[in-house]
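Notes follow the structure.
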Amino acid sequence: MTAPQVIRGRTWKFGANIDTDQIIPAKYAIYSLDEKELGKHAMEGVPGREGWAAKVTPGDILVADSNFGCGSSREIAPIAIRGAGISLVIADSYARIFFRNAINMGYPILQSPQAAEGVSEGDDLEVDLEAGIVRNFTRGDEYPCEPFPSFMNELIHMGGLVPWVRKRLQERRQLAGRR
Amino acid sequence: MAMTMTEKILARGAGRESVSPGDLVLAKVDFAMGHDLTIPPAGRIMREQMGAEKIWDPDRVAVTQDHFQPAKDAASATLGRLTREFSHDMGIKWYFEVGQGGICHTVLPENGLVLPGELVVGADSHSCTYGALNNFATGIGSTDLACVFALGELWFRVPETLKFVYHNRLREWVEAKDLILYVIGQIGVDGARSKAMEHVGEALKHIDMEARLTITNMAIEAGAKNGILEFDEVTRQYLEGRAKRPYTPVTSDPDATYEKVFEFDAEKVELGVAKPMSPDNYAPLSEVAGTRLDQVFIGSCTNSRITDLRRAAAVLDGHKVAPGVRLIITPSSHQVAIQAEKEGLIRVFLAAGAAWTTATCGACLGGHMGVLGEGEVCLSTTNRNFPGRMGHPKAMVYLSNPAVAAASAVTGVISHPGEVLKKMPAGIA
């Protein structure tokens with residue numbers, strides 16, 4: 001599976017330092033193997049956002065301020081957001097484990113301080129993943145995104161770390177077979 | 001090329017002469033860890049999606065049943081079972097069952113499984129704890145862990161290093177926890193985002209390994225990739241009789257490049273807390289003294305090792321928990337519990353009216369055995385107090401050191417330990 005190159009959707013806007021326990025409260029970690037169930041509770045721990053997941057239309061875009069996803073290493077944080085139907089996350093910056101988890105899952109996330117500052121909740125956005133550009137149709141604005149290093153691009157294009165590991169395991173087996 | 005400790009370990013893992021901040025490297029892992037919340041997804045991803053049949057080296061993996069174990073409900077029992085079955089199927093050498101291990105970040109150091117110079121990963125954000133033992137240790141996700149299980153290697157971005165120098169010594173009552181809360185208060189919860197925190201200086205020479213583990217434990221609370229300390233006589237003694245493998249300590253070159261150097265006078269650091277709702281919301285204890293409490297929790301990978309329990313017991317000895325307050329004490333490992341029993345600490349806790357639990361992460365992440373309700377106020381020796389961390393999003397959590405927590409349980413309000421105990425007995429402070 002490869003991610004679609006252009007994504008259009010309505011925006012949900014969140015603040016700075018939203019930690020993983022707010023993205024998906026730890027009590028729902030019992031659903032670690034169930035993306036749909038996790039999705040129902042996404043962002044539930046953010047004060048004032050109770051019941052948020054039910055309002056999401058599949059394809060919506062989540063935009064956040066700095067240090068999004070700080071806290072725990074639990075991969076259920078990006079999984080819950082994806083499970084809620086969010087097609088793409090854009091943030092001013094990410095906490096490192098959330099960032100790796102999303103990249104490893106092949107889930108598109110973008111870093112754009114300009115978008116985080118310029119976008120308001122409800123804005124109609126179009127994101128060109130290849131070009132790294134966010135277009136805001138509501139405000140007639142356009143924001144650049146920070147480019148990924150080539151290895152991360154490769155991972156995202158392949159669909160994440162799983163196909164990458166499969167390929168590497170296959171290479172190793174072939175190598176072992178030849179010996 | 002001159003390198004920091006962190007850069008040297010990543011260069012060795014990547015099989016390169018040198019690395020620089022910003023490089024993306026594929027590096028060999030020396031030791032990996034997972035637990036009951038992260039092993040079930042990692043195991044499934046590794047076997048069903050990646051198609052790997054076995055672990056690269058089952059002798060270099062530890063698994064603990066600590067987060068929701070002993071099972072808090074039927075769903076957690078399933079996660080516990082999947083964790084147990086995967087560990088058994090894969091022949092994982094360092095599997096710690098309920099009642100025999102405890103919290104991963106106490107269990108691995110106390111069993112000598114994470115050593116100087118090594119590259120360690122754990123599917124838990126507080127895996128940065130191990131860096132007190134002069135290694136590179138960082139938290140990863142479950143897909144990451146599945147990759148490590150399948151291949152024995154993982155991708156890393158070489159971090160910029162921030163150097164933290166602590167001059168002079170900590171004052172009476174002031175602990176490693178107060179120091180790191182102060183530092184995070186200064187730089188913020190994203191102050192070291194994705195970077196290495198290298199801690200050095202006079203103050204660290206005078207604190208024991210358990211206190212050092214508290215400092216590196218909270219690197220993630222500043223957003224750091226890892227926290228790392230220098231190897232010294234304290235490290236060597238701690239590892240004597242514990243280390244399960246030979247090891248080679250690592251030092252930073254004198255001319256290594258640091259993105260920034262922070263200097264602190266440890267003698268000026270006061271007793272302090274992190275106020276709700278963020279670990280960087282630092283305040284000196286004097287500012288919050290008198291705050292009424294519903295619950296006091298002494299536990300977690302941050303502050304519930306034996307030295308922490310000794311200080312708590314010294315404060316609680318001969319006192320009772322204040323009416324209207326509940327004190328929950330959760331040792332961070334089974335070995336800690338055994339030692340506490342030997343030293344008579346458990347008797348002190350029970351006599352004071354504290355609830356003494358089995359070793360588990362428990363209340364720290366709002367799992368079980370001390371989850372907070374709406375509007376409740378808790379003083380906790382844990383690491384994180386974002387909204388909802390310990391239960392209800394409107395619960396208020398203050399973070400402190402164990403002596404402050406114990407004293408506050410006695411008075412019922414946030415208090416200086418000196419109000420309850422005149423002086424910390426020699427050998428405990």
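The values are calculated or read from the model by the stated rules, or taken from the named source; none is laboratory data. Note that the structure is predicted; figures quoted are calculated from it, not measured. Here the Cβ positions follow ideal geometry from the backbone for every residue, glycine too, while neighbour counts run over all protein chains shown. For the accessible areas, the whole protein counts, side chains as well, though only heavy atoms, and no ligand, DNA or RNA atoms are used. Shrake-Rupley method; radii C 1.70, N 1.55, O 1.52, S 1.80 Å.
Annotations for the structure displayed:
- Accessible surface, 1.4 Å probe, highest first, among residues A:Lys13, B:Lys225, B:Lys394, B:Lys268: B:Lys268, B:Lys394, A:Lys13, B:Lys225
- Computed about the Cα centre, the dipole magnitude for the stretch A:6-178 is approximately 960 debye when only Lys and Arg (+1) and Asp and Glu (-1) carry charge, each at its Cβ.
- Percent antiparallel among DSSP beta bridges (both partners in the stretch A:6-178, rounded to 5): 50
- Karplus 3J(HN,Hα) series, Hz, for the stretch B:57-62 with 6.51 cos²θ - 1.76 cosθ + 1.60 (x for Gly, Pro): 7, x, 7, 10, 9, 10
- For the segment A:91-99, counting C-beta atoms of other chains within 10 Å of every residue's C-beta and taking the mean gives 5.
- Distant-in-sequence amide contacts of B:Leu327, defined by a placed amide H-H separation under 5 Å and a gap of 5 or more residues or a different chain, comprise B:Val296, B:Ala355.
- Each eigenvalue of the Cα gyration tensor of chain A, multiplied by 5 and square-rooted, gives one semi-axis; in descending order these are 28, 21, 13 Å.
- Charge context of A:Val46, other residues only, Cβ under 14 angstrom, K/R +1, D/E -1: -1
- Largest to smallest accessible area among A:Met105, B:Met396 [probe 1.4 Å]: B:Met396, A:Met105
- Computed E for B:Asp253/B:Lys28 - FRET, C-beta separation, R0 25 angstrom, nearest 0.05: 0.65
- Counting DSSP beta bridges with both ends in the stretch B:1-158, the antiparallel % (nearest 5): 25
- The sum of -39500 (n - 2.57) across all DSSP H runs of n ≥ 4, divided by the residue count of the protein assembly as shown, sets its helix-only mean residue ellipticity at 222 nm to -8500 deg cm²/dmol.
- Shape summary: the stretch B:1-133 maps onto an equivalent ellipsoid whose semi-axes, from the alpha-carbon gyration tensor, are 29, 17, 12 Å in decreasing order.
- The distance linking the stretch A:79-106 with the stretch B:9-54 is 20 Å (Cα centroid to Cα centroid, whole angstrom).
- In the context of the full protein assembly, A:Val127 retains an accessible surface of approximately 0 Å², using a probe radius of 1.4 Å and ignoring ligands and nucleic acids.
- Förster radius 41 Å - calculated FRET efficiency between B:Ala355 and B:Ser20, Cβ distance, rounded to 0.05: 0.20
- Distant-in-sequence amide H partners of B:Thr161 (H built 1.01 Å from N, under 5 Å): B:Ala196, B:Glu259
- For B:Ala42, net neighbour charge (Lys/Arg +1, Asp/Glu -1) across residues whose Cβ lies under 12 Å away: -2
- Radius of gyration, Dmax [the protein assembly as shown; alpha carbons; angstrom]: 23.1, 74
- Here the 3J(HN,Hα) profile of the stretch B:167-172, calculated from phi with Karplus coefficients 6.51, -1.76 and 1.60 at θ = phi - 60°, is 7, 6, 10, 5, 7, 3 Hz, Gly and Pro shown as x.
- D (Stokes-Einstein, µm²/s), Kirkwood Cα radius, the stretch B:1-68, 0.692 mPa s at 37 °C: 229
- Positive-pole candidate from A:Asn17, A:Pro47, A:Ala176, dipole of the stretch A:6-178, charges at beta carbon: A:Ala176
- Neighbourhood net charge (15 Å Cβ-Cβ; Lys/Arg +1, Asp/Glu -1) for A:Pro58: +4
- Remark: chain B projects, on average over all directions, an area of 18.9 nm² (convex hull of Cα atoms).
- Residue-level accessible surface for B:Arg245, protein heavy atoms, 1.4 Å, Å²: 40
- Shielding by partners - mean other protein chain Cβ count within 10 Å, residues of B:18-31: 1
- Legend: mean number of C-beta atoms from other chains within 10 angstrom of residue C-beta atoms, peptide B:148-160, equals 3.
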